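Heads up: the structure comes next, in structure tokens.
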Amino acid sequence: MADNSQKYMDFVREPLWNKPVTAIPGIGEELGPRLRERGFYNADRVMKLFVQYGRDTESFKTWLMCVIGSPPYMAELCARALWEWSNRHP
């Protein structure tokens, strides 16, 4: 699945550091607070968790759906953006 939104394109090409979790595609004003409640204030912290999951998009999507109640489409968008970012910024 590809997303050509400006948010997605900006996310995958720009550095993560000091970006809020809501800068991640698929994470908006509804899911952002749920991540912050669990200590994920910045996009780089979410990326660290994604890397801990071995960059496995399926496992990470499951975590997003089970832990923060992400809808499947939003979980897919988030995992895909993190995967693409990690490939562009090794």
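Looking only at the stretch 12-29, how many residues end up being within 11 Å of the chain's Cα centre (by Cα), crowded, with 16+ Cβ neighbours inside 10 Å and free of Cβ contacts under 8 Å to residues at least 60 places away in the same chain?
Looking only at the stretch 12-29, we keep the residues that are within 11 Å of the chain's Cα centre (by Cα), and these are 12, 16, 20-28.
Within this subset, residues satisfying the condition of being crowded, with 16+ Cβ neighbours inside 10 Å are 12, 16, 21-27.
Cutting the leftovers down to free of Cβ contacts under 8 Å to residues at least 60 places away in the same chain gives us 21-27.
Going through the stretch 12-29 one residue at a time, the tally reaches 7.
Would you confirm whether any residue within the stretch 49-60 is without any contact (Cβ under 8 Å) to a residue 12 or more places away in the chain, of a type outside the set (Asp, Glu), in a helix (DSSP H, G or I) and open to solvent by 20 Å² or more (accessible area, probe 1.4 Å)? Yes - at least one qualifying residue is present in the stretch 49-60. Within the stretch 36-48, the set of residues being open to solvent by 100 Å² or more (accessible area, probe 1.4 Å) and either basic (Lys, Arg) or touching a residue at least 24 places away in the same chain (Cβ under 8 Å) (or both) comprises 38, 45, 48.
Consider residue 75 carefully, then state whether it is in a helix (DSSP H, G or I), in contact with a Leu (Cβ under 8 Å, 6 or more places away or on another chain) and small (Gly, Ala, Ser). Yes, satisfied.
The values are calculated or read from the model by the stated rules, or taken from the named source; none is laboratory data. These numbers were taken from a predicted model, which means no experiment stands behind them. Here Cβ is always computed from backbone atoms with ideal geometry, including for glycine, and neighbour counts include all displayed protein chains. Areas reflect the complete protein model, heavy atoms only, side chains present, ligands, DNA and RNA absent. Shrake-Rupley method; radii C 1.70, N 1.55, O 1.52, S 1.80 Å.
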